[in-house]
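So the structure is just underneath, and the comments pick up after that.
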Amino acid sequence: MTRKFIPFLTFFFLMALVASAQTYKRKTNLPHIYIETFNRQSINSKTVYIYATMHYVDENDVVTTYDSMQIRGRGNSTWNIAKKPYKIKFNQKEKFLGKGYAKAKKWTLIANAGDKTLMRNAITSLMGDFLGLKNNPAHKFVDVTLNGTYIGNYHISDQVEVRPHRVNITEQDYPLSDESDITGGYLLEVDGFYDGNYFTTSQYQVPVRIHYPDEEDISSSQNEYIRQYIKDFEGVLSGGDFADAEKGYRKWVDSTSLVNWFIATEVSGNIDGYFSTYFYKDKQDSLLYWGPLWDYDIAYANDNRKGDTSRQLMTDVGYGQTKEWINRMWQDPWFGRLVNRRYAEVLEAGLENFLYQQIDSIAELLQESQALNYEKWGIQKRMLRERVLYSSYDQYVTDLKDYIGIHIPYLQSAFANKKIAEPTPPFVPGDYYYIITNANSGTAIDTQDKSTEAGDLVCGWSVTEGQYSQQWKILPVDGYFMLINRQSGMALNDPTSGYSTATTNVGTQLNTAVPNQVADRQMWSITPQGTEGYYNLTNKYTRHTLNLNGGGSSDGTSILSYTTDSRNASSKNRLWYIMAGDEIEYDDPEPEPEPEPEPEPEPEPDAIAALEPAEYALAYNPQAKILHFGSETPEQLTFTVRIYYANGVAVRSFRASESCSVADLSQGLYIIVWKVGGTTRSTKLLVQ
């Protein structure tokens, strides 16, 4: 038995003596790790390490004991799964996996709980090697027993950090001196969790985390340098000369790592590839390099949120803000040529067969271990977001290979025919009722069946066909828009009380109110965002943006008057898709021209139309701005009168027996239409 021993920890010395008398054996053909925590404590934290002893049984049954190592949890959504991932830390740097691997204190134990093949991370790392990417993480499969209980098949992998055989770039001076060169290295991540020492870029709202130098060690000068560097890169990328070979973004990126990382992301169909993207900058090097590849357990169509992605591009359907950078690059013909040329090269080199061979090899290696693993965890139990469930391990392996067999040929045509991602166009309303759904939840803007004095409260609700309370007429008013609910006829309204700015006094639930075209609380700007057809709705009075509370998908989730700031373009709670529904039907959307009038007596001073004077007449008082019909037989005034903009959009209706104020209408030309006895009548009204 080989021993890694720290003499000052008496407890672990005694534990090691006991352990040496025990027999640690492999349960399958794979190496086996036995971990015993101090006092057999449970591992409940992702931040606090607890002490443990580890016995590692290698392929040759040699047992190595590591005293006083430490262990804690790791992961984001995967930490909430029964089969948990862990991070281990040795007391000193260890070449844990032997020659050719890193010498480091920290290593990860990846559970692959949501990947029934257990191999998606491993084959992606191997694909990185095939493509020529650097810094691909290790993948050593093992069985693990924790505190006497077998917990399944895991794979040992590198911690993503700056270190030889990991991210092999220059380590900066610590502490810095006056002579220190702070141009590198830096390890960065586009991190959709907005975690750690991060900043958000101004042009595309990309959240960038600085991993190295780490948060505890980084100086203000280093922080400022790399933030400004990324800001300058993005400024060039978004600028008018971005596609210029000398002035554009090409001078800022290492094209080899960029195209290989991009191909790996798309071949794997990793929907989180643009949500979590590692990249780095080295010392005295002006280029940004892409990789390492990391976290691929939900790739290759293994996520039920997106379904079968075998014929889809992740730049179209994946999560994350790196897409904004990549789709901008697609607008440069050079990038398209680079991708197509390199993809043709790797196909010619046998990428597809390489992946099949690696899958078959790993599946054979894991046969004993996967069987033991699924005795523990169940092969038909959904652990995370598995898209499909089968009854055997081989079926999952076949499903993975089938995906590759469809997806790789698809990408060849998709890359060749890739269309430039066009910005979302300005919103132009038509004669439709619109359904407005949230980018995060997919729920529609609806009104609750609960009236208040100010009007119905507004909430998110599951889209329901034929639900009039989810349908909105959108009317242009002096550069803004009114949203009129089809069911109630009421207007979307921001009832925030008190003085507010774009970022203060936020959080009031929106409601609806009686339509009033001079009420700024009912006026909304509709601002296009990104390339996916989403919009922000921002209130004229409060300057707040319409926001789904917490992104909740439950029916009745409140819709709020919320902050307007740089996150408008990235926060999906504030982004809305506006979908045309039923066409609006008018009695006479294109009014017939008035017939040539017969000579008749001069009208009264306030009359603008006198038709069939023996029966009724329409009059308008321009001072009071009131319309009314007069008749010797008022009981005949039973018809409906509608007022239209000159472009045919209806703005008002009233019964002929009632008067109608138009004082709140903006100045302009309107058409008044009514129908009596099957005959449509119309006249013009100029509101001044």
ask   = From the list THR447, THR443, which residue is of a type in the set (Ser, Thr, Tyr), open to solvent by less than 60 Å² (accessible area, probe 1.4 Å) and out of contact with any Cys (no Cβ under 8 Å at 6 or more places or on another chain)?
value = THR443
message = Cβ-Cβ under 8 Å, sequence separation 6+ or interchain: first residue in the stretch 333-351 and surrounded by 13 or more Cβ atoms within 10 Å (Cβ to Cβ), partner hydroxyl-bearing (Ser, Thr, Tyr). Which pairs?
response = LEU338/SER255
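Looking at SER310, is it touching a His at 6+ places or on another chain (Cβ under 6 Å) and either open to solvent by less than 20 Å² (accessible area, probe 1.4 Å) or on the phi < 0 side of the Ramachandran plot (or both)? Full working, then the answer.
Values: touching a His at 6+ places or on another chain (Cβ under 6 Å): yes; either open to solvent by less than 20 Å² (accessible area, probe 1.4 Å) or on the phi < 0 side of the Ramachandran plot (or both): yes.
Taking the combined requirement at face value, the residue satisfies it.
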ask   = Could you count how many residues in the stretch 280-307 are modelled with pLDDT of 95 or more, within 17 Å of GLY128 (Cβ to Cβ) and open to solvent by 20 Å² or more (accessible area, probe 1.4 Å)?
value = 1
note = Among residues of the stretch 47-65 being in contact (Cβ under 8 Å) with a residue 40 or more places away in the chain and assigned to a loop (DSSP other than H, G, I, E, B), the residue farthest from ASN76 (Cα to Cα) is VAL62
task = Those residues that are in a strand (DSSP E or B), on the phi < 0 side of the Ramachandran plot and either small (Gly, Ala, Ser) or touching a helix residue (DSSP H, G or I) at 6+ places or on another chain (Cβ under 6 Å) (or both), I need them from the stretch 66-91; list them, please.
result = ASP67, GLY73
query = When residues of the stretch 536-546 are filtered for being outside any loop (DSSP other than H, G, I, E, B) and surrounded by fewer than 24 Cβ atoms within 10 Å (Cβ to Cβ), how many remain?
reply = 2
message = If I ask for residues that are over 13 Å from GLY269 (Cα atoms), hydrophobic (A, V, I, L, M, F, W, C) and either touching a Phe, Trp or Tyr at 6+ places or on another chain (Cβ under 9 Å) or surrounded by fewer than 17 Cβ atoms within 10 Å (Cβ to Cβ) (or both), which ones from the stretch 363-413 would you list?
response = ALA363, LEU365, LEU366, ALA371, LEU372, ILE379, MET383, VAL388, LEU389
ask   = Of TYR186, TYR212, TYR225, TYR194, which residue is out of contact with any Leu (no Cβ under 8 Å at 6 or more places or on another chain), open to solvent by 30 Å² or more (accessible area, probe 1.4 Å), among the hydroxyl-bearing types (Ser, Thr, Tyr) and within 24 Å of LYS134 (Cβ to Cβ)?
value = TYR225
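If I ask for residues that are open to solvent by 50 Å² or more (accessible area, probe 1.4 Å) and touching an Asp or Glu at 6+ places or on another chain (Cβ under 8 Å), which ones from the stretch 421-440 would you list?
Start the filter on the stretch 421-440 by keeping residues that are open to solvent by 50 Å² or more (accessible area, probe 1.4 Å), which leaves 422-423, 425-426, 428, 431-432, 440.
Matches in the stretch 421-440: ASP431, TYR432.
Residues of the stretch 556-574 being outside any strand (DSSP E or B) and over 20 Å from VAL206 (Cβ atoms), which ones? Steps first, please.
Restricting attention to the stretch 556-574, the residues satisfying the condition of being outside any strand (DSSP E or B) are 556, 563-574.
Within the stretch 556-574, just GLY556 meets the criteria.
Pick from the stretch 1-46 the residues that are more than 45 Å from the chain's Cα centre (by Cα) and aromatic (Phe, Trp, Tyr): which of them is modelled with the highest pLDDT?
Going through the stretch 1-46, the residues more than 45 Å from the chain's Cα centre (by Cα) turn out to be 1-25.
When the remaining residues are screened for being aromatic (Phe, Trp, Tyr), the result is 5, 8, 11-13, 24.
Values: PHE5: 47, PHE8: 42, PHE11: 47, PHE12: 48, PHE13: 46, TYR24: 94.
Once the filter is applied, the top-ranked residue is TYR24.
Name the strands (runs of 3 or more DSSP E) wholly within the stretch 93-158 that hold at least 3 residues that are buried (at least 23 other Cβ atoms within 10 Å of the Cβ)? I'd like the intermediate steps shown before the answer.
Values: elements: 104-110, 140-146, 149-158.
Passing ranges, in order: 149-158.
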message = Condition first: open to solvent by less than 50 Å² (accessible area, probe 1.4 Å), in contact with a Phe, Trp or Tyr (Cβ under 6 Å, 6 or more places away or on another chain) and under 23 Å from GLY320 (Cβ atoms). Can you find one or more residues in the stretch 514-524 that meet it?
response = no
query = Within the group TYR229, TYR289, which residue is more than 26 Å from SER441 (Cβ to Cβ), among the aromatic types (Phe, Trp, Tyr) and touching an Asp or Glu at 6+ places or on another chain (Cβ under 8 Å)?
reply = TYR289
request  = Looking only at the stretch 69-82, decide whether some residue is among the hydroxyl-bearing types (Ser, Thr, Tyr) and open to solvent by 20 Å² or more (accessible area, probe 1.4 Å).
outcome  = yes
message = Out of everything in the stretch 313-322 that is open to solvent by 10 Å² or more (accessible area, probe 1.4 Å) and not in a loop (DSSP other than H, G, I, E, B), what residue ends up being farthest from ASN112 (Cα to Cα)?
response = ASP316
query = Just one of THR527, THR531 is in a strand (DSSP E or B), at negative phi and modelled with pLDDT under 95; which is it?
reply = THR527
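Keeping to the stretch 503-513, report how many residues are within 30 Å of the chain's Cα centre (by Cα) and open to solvent by less than 30 Å² (accessible area, probe 1.4 Å). Steps first, answer last, please.
Taking the stretch 503-513 and keeping what is within 30 Å of the chain's Cα centre (by Cα), we get 503-512.
Keeping just the survivors that are open to solvent by less than 30 Å² (accessible area, probe 1.4 Å) gives 510-512.
The total comes to 3.
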message = Between a residue in the stretch 303-325 that is hydroxyl-bearing (Ser, Thr, Tyr) and any residue that is part of a helix (DSSP H, G or I), which pairs come within a Cβ distance under 6 Å, given they are 6 or more apart or on different chains?
response = SER310/TYR403; SER310/ILE406; SER310/HIS407; THR315/LYS323; THR315/ILE326; THR315/ASN327
message = Please return the ranges of strands (runs of 3 or more DSSP E) entirely within the stretch 590-688 where 1 or more residues are at pLDDT below 80 and crowded, with 18+ Cβ neighbours inside 10 Å.
response = 607-609, 640-645, 650-655, 668-676, 679-687
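The values are calculated or read from the model by the stated rules, or taken from the named source; none is laboratory data. Everything numeric here is computed off the predicted structure, so don't read it as measured data. No Cβ is skipped: glycine too gets one built from the backbone with ideal geometry, and neighbour counts run over all protein chains shown. Just the protein is used for accessible areas: all its heavy atoms, side chains included, with ligands, DNA and RNA removed. Shrake-Rupley method; radii C 1.70, N 1.55, O 1.52, S 1.80 Å.
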